[in-house]
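Presented below is the structure to which this report refers.
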Amino acid sequence: MEKTTLSVMKADVGGYVGHTGTHKAVLMKARECIRKGGGKGLLIDSWVGGVGDDLVLILTHDKGQDSKEIHKLAWDTFTTCTETAEKLHLYNPGRDLMSNDFTGNIRGLGPGCAEMSFRERPSEPFVIFLADKCDLGAWNLPLFKMFADPFNTPGLVIDPSMHEGFAFEVLDLAENRTITLQLPGDIYDLLMFLGSHSRYVVNKVIRRVDGMVAATASGPRPPGVGRSVGSDDPALIVRCQNGLPSVGETTEAFSFPHIVSGWVRSKFQGPLMPVSMEHTRAFRLDGPPRVVAAGFQLAAGELDGPVDLFDDPGFDGARQRAMEAVEYLRRHGPFEPHRVPLDQMANTSFPPLLARLESRFVPHDPDDRKGRSSRKKSSSEESP
Ligand code: 13P
Ligand code: MG
């Protein structure tokens, strides 16, 4: 049987209103582009939607990963939708398109891209997680819970194909290199990396028993003017059931709204709130950061779905906890840890603002301090 490829592409081509959501006209244009461009056997199926201010294309086909034709279709869709955004004066048209020219692959040009090729199982359920207002490191904790924590995923204990564990491919964003750690043996080593989620991010999770790729995340976007890691707004594909986490074991990993970087101006930390597709628009201080879970069954490449998996009162508690964290963190205003640490403020307007004050700094003279303390000492010595 031929392999099916699942390509998930995501880009901010212009927001409505501001950074909060996606315009109906942009979604309609994207659907038209995919319908027209995906004909003649190029695509098997597709789904187009908006998550916050990001346009999302979910495409199935038999052209394999990194297919030039498929990436070109996605690129043309994003550029055409940028023109629509420009006509409507939407906010920041083409924000995620870092180049004017398509060079054969959408990776490196700005849009997020997660792809996976596999032979369909008799039943092929999978979940696509789509986040807005956060960095790539947002997947570290939930992926650890899904694939390494038996308190989240009992299948790790009771399913023989999962019992062997999973390998995590971790990308070092600073050095552009990867390391693969085998779990459960390397669990503590893995956590050293995953805890530093602004530098190390999970790229891929592989089932050890047979090498099956179980999960794959979109990669880093190129740095650009005004763009920072907090606006990665990543996508994640997770295959489910039969020796992989059940659909519920994947969603359970988001029942704790952990803290991620992104939110307003892409520079603030806040909880990742699981929301239904109806609630992806980010209205409170352009946030808080949020994630949707789109569940699909695949049938010979045809997408049956999405099922809106966080549209469930079972996640009301997580949403409530997220809003408690929002209230707490928001009281910090521009202070860390609500604002990201200073080293993550590089490549923003913050360093030039600080530089304006450079001339007002004076040396902090340790001798002067010594002088003051010795003066103090001698005066006390003098007193009876
Ligand atoms: P996005 O990353 O979703 O574009 O949001 C950026 C921002 O600045 C929100 O205030
Ligand atoms: Mg966004």
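Side notes on the structure shown:
- Distance between segment 261-339 and segment 42-108 - C-alpha centres, whole angstrom: 23 Å
- Cross-link table 87/145; 3/87; 29/145; 68/145; 72/204; 3/36, entries beyond 32 Å C-alpha to C-alpha: 87/145; 3/87; 29/145; 68/145
- Surface accessible to a 1.4 Å probe, residue 84 within the full protein complex, Å²: 20 Å²
- The calculated FRET efficiency for residue 358 paired with residue 92, based on their beta-carbon distance and R0 = 51 Å, is about 0.95.
- Loop-located trypsin sites (Lys or Arg not before Pro) in segment 36-126 (DSSP state not H, G, I, E or B) with no more than 13 neighbouring Cβ atoms inside 10 Å: 40, 119.
- About the centre of its Cα atoms, segment 135-221 shows a dipole size close to 200 debye [charges on the beta carbon of Lys, Arg (+1) and Asp, Glu (-1) only; nearest 20 debye].
- Structure remark: mean-square fluctuation, Gaussian network model of the chain, C-alpha springs under 10 Å; the largest value among 70, 179, 237 belongs to 179.
- The chain: relative contact order as a whole-number percent, Cα under 8 Å and 6+ apart: 17 percent
- Positive-pole candidate from 219, 251, 269, dipole of segment 218-322, charges at beta carbon: 269
- Computed lengthening from residue 209 to residue 83, 0.36 nm per intervening residue step minus Cα-Cα distance: 40.6 nm
- At most 13 other Cβ within 10 Å, DSSP loop - GluC sites (Glu not before Pro), segment 122-181: 175
- Summing Cβ point charges (Lys, Arg +1; Asp, Glu -1) relative to the Cα centre of the chain gives a dipole of roughly 1120 debye.
- Charge dipole of the chain about the Cα centre (unit charges at C-beta), most positive-ward option of 50, 357, 102: 357
- Backbone N within segment 79-98 under 13 Å of label point (7 Å from residue 32 Cα along the Cβ vector): 80-85, 87-88
- Each residue of segment 78-90 was assigned a 3J(HN,Hα) from its phi angle through the Karplus expression (A = 6.51, B = -1.76, C = 1.60, θ = phi - 60°), giving 5, 6, 5, 5, 4, 4, 4, 4, 5, 4, 8, 6, 5 Hz with x at Gly and Pro.
- Amide H to amide H, with H built 1.01 Å from N, residue 273 comes under 5 Å of 290, 291, counting only residues 5 or more places away or on other chains.
- Amide proton proximity set for residue 339, modelled H, under 5 Å, gap of 5+: 269
- Segment 165-178 - phi-based ³J(HN,Hα) in whole Hz, Karplus 6.51/-1.76/1.60, Gly and Pro as x: x, 10, 9, 10, 8, 10, 9, 8, 5, 6, 9, 6, 9, 10
The values are calculated or read from the model by the stated rules, or taken from the named source; none is laboratory data. Only a predicted model underlies this, so the values are computations on that prediction, with no experimental measurement involved. Cβ coordinates were reconstructed from backbone atoms using ideal geometry, including for glycine residues, and neighbour counts include every protein chain displayed. Note: areas computed on protein heavy atoms with side chains; ligands, DNA, RNA excluded. Shrake-Rupley method; radii C 1.70, N 1.55, O 1.52, S 1.80 Å.
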